[in-house]
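A short write-up of the structure that comes next.
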Amino acid sequence: MSENTREKYTIGIDFGTGSARAVIINVKTGELKASAMYVYPHDTMTEQLPDGTKLGKDYALQHPMDYLEALEHAVPEAMELSGLRQEDIIGVAASFTSSTYLPIKKDLTPLCTLPEFASNPHAYVKLWKHHSPGKEADQINEVIKRRDEKWVRYYGNRITSEYPISKVLETLHCAPEVYRAADYYIEAGDWITAILCGKLQKSICAAGYKGFCNWKTGYPDREFYEELHPELANYVSEKLNYPMIGLGEEAGKVCGDAARRFGLPEGCAVAPFVIDSFAGVAGAGIDRTNIMLSVLGTSGCHLILSKEEHLVPGIFGMSYGGIYPGFFSYEAGQSALGDLFEWQVKNCMPEDYAQEAEKESKDSQQYLSEKAAELKPGETGIVALDWWNGNRSILLNSSLTGLMVGMTLQTKAEHIYRALLEATAFSTRKIVENYREHGVNIDAIYATGGISQKNMLLMQIYADVLNLPLRICGGMYGCARGSAAYAAVAAGKETGGYDDILEAARHIGLKSERRFFPNPENVEVYNKLYEEYSELHDHFGRGRDDVMQRLLAYRSEAVQKG
Ligand SMILES: Nc1ncnc2c1ncn2[C@@H]1O[C@H](COP(=O)(O)OP(=O)(O)O)[C@@H](O)[C@H]1O
Ligand SMILES: O=C(CO)[C@H](O)[C@H](O)COP(=O)(O)O
C-alpha cells in the first residue's frame with residue numbers, strides 16, 4: 001500500500017473513575033484496531049493520602065500522576081498491539097470524568113506533587129464524586145438565591161458539591177494556603193490535554209457545564225464570587241485565566257515531551273477534552289436530536305442533543321456547543337450507579353454466594369444478576385431509593401441517602417440486588433419524565449458505558465420501566481471511541497479526518513443491533529411499583545428530607561466524638 005493510501009487512525013483515551021482506556025480506531029471504517037487499559041494505582045482515595053494522612057467524611061481524591069502513568073502504559077501498549085506505525089495516527093483526544101478538579105502551578109505542576117503540599121488533601125485532585133463540600137454547596141445556593149442569579153436556571157436551579165466552585169470554596173475554608181499557592185485551577189481533562197500539546201486551554205465542554213460559563217453571558221459576575229468568599233474575587237480573572245477552546249477545534253499538536261514520554265507521534269493533532277460520558281454521544285454514532293443516551297458506568301449520565309433551548313429544573317446542566325457545536329445539549333444523571341451495585345458486592349454478598357461465584361468462574365455481579373434474573377418484577381417485595389451517593393437529578397441534593405422498604409427475614413442478596421437495579425431504572429424514569437415535561441423530547445433511548453455491555457438484566461429492566469425500546473451502542477469502549485471521533489475532527493479532512501463531529505460520529509460511532517423491547521406484563525407491574533417509588537421519592541426527597549439530614553448529623557457527631 002502506498003503512503004497516501006494507507007488507512008488513517010486516531011487514538012481516544014477515556015479517563016474513567018477507576019481506570020483509563022486507550023483505543024485506536026480506523027477513521028474511515030470505525031474498526032477498533034487495538035485497546036489497552038490501565039487501572040489507577042491509587043484508585044479513589046477516600047480514607048487516606050499516600051503518606052497516611054487521614055481524610056474527612058465523603059472525600060474522594062485522586063492522584064494526578066496516575067493519569068500520566070495511564071498514558072505511559074496504555075498508549076504504547078495499544079500502539080504495539082495495533083502493529084501500526086506512528087505516521088498512521090492522525091489525531092489524539094482525551095475524555096475525562098468531570099468535574100474532576102485540581103490546583104496547579106503555571107508550569108502545570110500539580111500542587112500535591114510539591115513536598116510542602118504532599119500531606120494536604122486539598123492539593124490533590126478532587127474527583128467528581130468528592131462530596132464533602134456539602135455545606136459549601138448550601139452556602140452557594142443561599143447566595144445564588146439572595147442575588148437572584150439567573151445563570152443557575154441552566155443548571156437545574158440548584159448546585160451541588162460536585163461542581164468545581166463547591167470544591168474550591170471548601171479549599172478556601174479548610175486550606176487557604178493551597179488556594180493562594182495555586183496559579184490555576186483546572187479540570188483534569190484540560191490538564192492532560194495541556195500535557196499532550198504543551199498549551200494550557202479550557203475546553204468549552206467542562207467550562208460550559210461544570211464551570212457555569214454560559215455561551216451568551218460568560219462566567220457569573222465577580223461580585224457573586226466575592227460574596228461567597230472575599231478571596232474568590234480573583235477566581236475567574238486569575239485562577240481561570242487561560243483561553244477557552246471550542247469543540248471541533250484543534251487544541252494543538254502532540255509536543256516533543258509527550259511524544260517521547262507516551263509513545264505518541266510528535267506533531268499529530270490533539271483535540272480539546274470532552275467529559276467522558278459526553279464523548280459517548282459520538283461513540284454511539286448519534287447524529288441527530290432527541291435520542292437520550294444513557295451512559296452507564298460508575299455513575300449514570302443521561303444526555304440529549306437538541307436544536308432548542310429549554311430551561312429544565314432538576315437537571316445537572318445544559319449548554320450550547322458543549323457536546324456538539326451548533327447543538328444545545330442536556331445532562332441529568334445518578335451519582336451512583338455501578339458504585340451502588342459494587343457497594344452490595346462489597347458489603348452484602350453472602351460467603352457461600354462468593355464461593356459459588358468463584359467456583360463457576362463468575363464475577364460477583366454477574367453471579368448476583370443471574371440469580372436476580374430468576375425473579376419476576378415485584379417478587380422482591382422491595383422498593384429502594386438509589387441515593388447511596390446523594391441525588392444528582394432531579395432533586396440535586398448530594399446529602400440525600402439511600403433507602404430500602406420491604407425487607408423481611410426472607411430477603412436474600414439477589415432480592416436486594418434486583419431492587420437496586422430497579423431503583424436506578426425508576427430514577428431514570430423520573431429524569432425522562434422531567435425532560436419531557438419541560439419540552440425536551442425523547443424518541444429513542446440508547447445505552448452505552450461499561451454496564452451496558454455487562455448487565456443484560458439491567459437493560460431489560462430499563463426497557464420495561466421506561467416502556468421504551470433501548471439500543472446498545474458504542475461497544476466495549478463507547479466513550480474512548482467517542483474521543484477518537486473528536487480526535488479525527490481535530491485532525492481535519494486534509495489529513496484524512498473529518499471537518500465536523502456529525503460526520504465523524506457517523507463513521508467512528510458504533511450502533512449495535514442489540515435492542516431490548518418492553519415486555520407488556522412487566523411494564524404493567526413496574527408502572528405500579530413506580531408509583532410507590534414516586535411516593536417515597538417525594539416524601540424523603542422533598543417533604544421530609546430533614547430525616548436524612550438529621551441522620552447524617554448524628555453520624556457526623558458520633559464520628560467527631562471518636
Ligand atoms: N455485571 C455488572 N453489572 C452492573 N454493574 C457492573 C457490572 N460489572 C461491573 N459493574 C460496574 O461498572 C462500573 C464501572 O463502569 P465502567 O463504565 O466500566 O467504568 P467508568 O465508570 O470508570 O467509566 C463499576 O462501578 C462496577 O460496579
Ligand atoms: O459528572 C460526570 C459527567 O458529568 C462524570 O464525569 C461522571 O459522572 C463520572 O463518570 P463515570 O461514571 O463514567 O466514571
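The values are calculated or read from the model by the stated rules, or taken from the named source; none is laboratory data. What you see is a predicted model, and the numbers here were worked out from it, not measured in a lab. All Cβ positions, even for glycine, are placed from backbone atoms using ideal geometry, and neighbour counts span all protein chains on display. Keep in mind that these areas ignore ligands, DNA and RNA; they rest on the heavy atoms of the full protein, side chains included. Shrake-Rupley method; radii C 1.70, N 1.55, O 1.52, S 1.80 Å.
Summary of computed values
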{"item": "Accessible area (Å², 1.4 Å probe, nearest 10) - THR29", "result": "90"}
{"item": "Per residue Cα convex hull volume in Å³ - calculated over the range 48-111", "result": "145"}
{"item": "Cβ crowding within 10 Å averaged over residues, with 66-73, 45-52, 274-281 ranked highest first", "result": "274-281, 66-73, 45-52"}
{"item": "ARG555 versus ASN290: modelled label distance in nm, points set 7 Å from Cα along the beta carbon direction", "result": "4.2"}
{"item": "Segment TYR242-ASP43, length gained on full extension (0.36 nm per residue, minus Cα span)", "result": "68.7 nm"}
{"item": "12 Å reach of a label modelled at VAL525, 7 Å along Cα-to-Cβ, counting backbone N of the range 378-397", "result": "378-382"}
{"item": "Principal semi-axes in Å for the range 99-209 [√(5λ), Cα gyration tensor, largest first]", "result": "25, 18, 11"}
{"item": "Estimated inter-spin distance, ALA373 and ASN347, nm [label 7 Å along Cα→Cβ]", "result": "2.7"}
{"item": "Positive-end extreme of charge dipole, the range 437-518 - chosen from SER512, ALA480, ASN455 (charges on Cβ)", "result": "ASN455"}
{"item": "Computed lengthening from LYS54 to ASP499, 0.36 nm per intervening residue step minus Cα-Cα distance", "result": "155.3 nm"}
{"item": "Under 18 Å from LYS33, Cα to Cα: aspartates and glutamates that are on another chain or at least 8 residues apart", "result": "GLU7, ASP14, GLU77, GLU80, GLU87, ASP88"}
{"item": "Spherically averaged projected area in nm², based on the convex hull that wraps the Cα atoms of the range 277-408", "result": "10.3"}
{"item": "Rg/Rg_globular for the range 369-504, with Rg_globular taken as 2.2 N^0.38 Å and Rg from C-alpha atoms", "result": "1.32"}
{"item": "Portion, in percent, of the accessible area of the chain that falls on carbon or sulfur, probe 1.4 Å", "result": "49"}
{"item": "Probe 1.4 Å - accessible area at CYS268, Å² to nearest ten", "result": "10"}
{"item": "Zero-based 20 Å bins, Cα pair distances in the chain, whole percents", "result": "22, 57, 21, 0"}
{"item": "Euclidean distance of C-alpha centroids, the range 474-536 and the range 220-237, integer Å", "result": "38"}
{"item": "Label-reachable residues, the range 394-415, where backbone N falls under 16 Å from a point 7 Å from VAL547's Cα toward its Cβ", "result": "400-407"}
{"item": "q = 0.19, 0.25, 0.26, 0.28 Å⁻¹, the range 464-541: log10 I(q)/I(0) [Debye, one scatterer per Cα]", "result": "-0.80, -1.04, -1.08, -1.15"}
{"item": "Distance from the range 8-56 to the range 286-365 (C-alpha centre basis), Å", "result": "17"}
{"item": "In Å², nearest 10: area of LYS33 left accessible to a 1.4 Å probe", "result": "80"}
{"item": "Solvent-accessible area per residue, Å², over the range 408-562 with all protein chains present [probe radius 1.4 Å]", "result": "45"}
{"item": "Partner lysines for LYS54 [C-alpha distance under 26 Å; skip if fewer than 8 residues away on the same chain]", "result": "LYS105, LYS126, LYS129, LYS135, LYS167, LYS346, LYS561"}
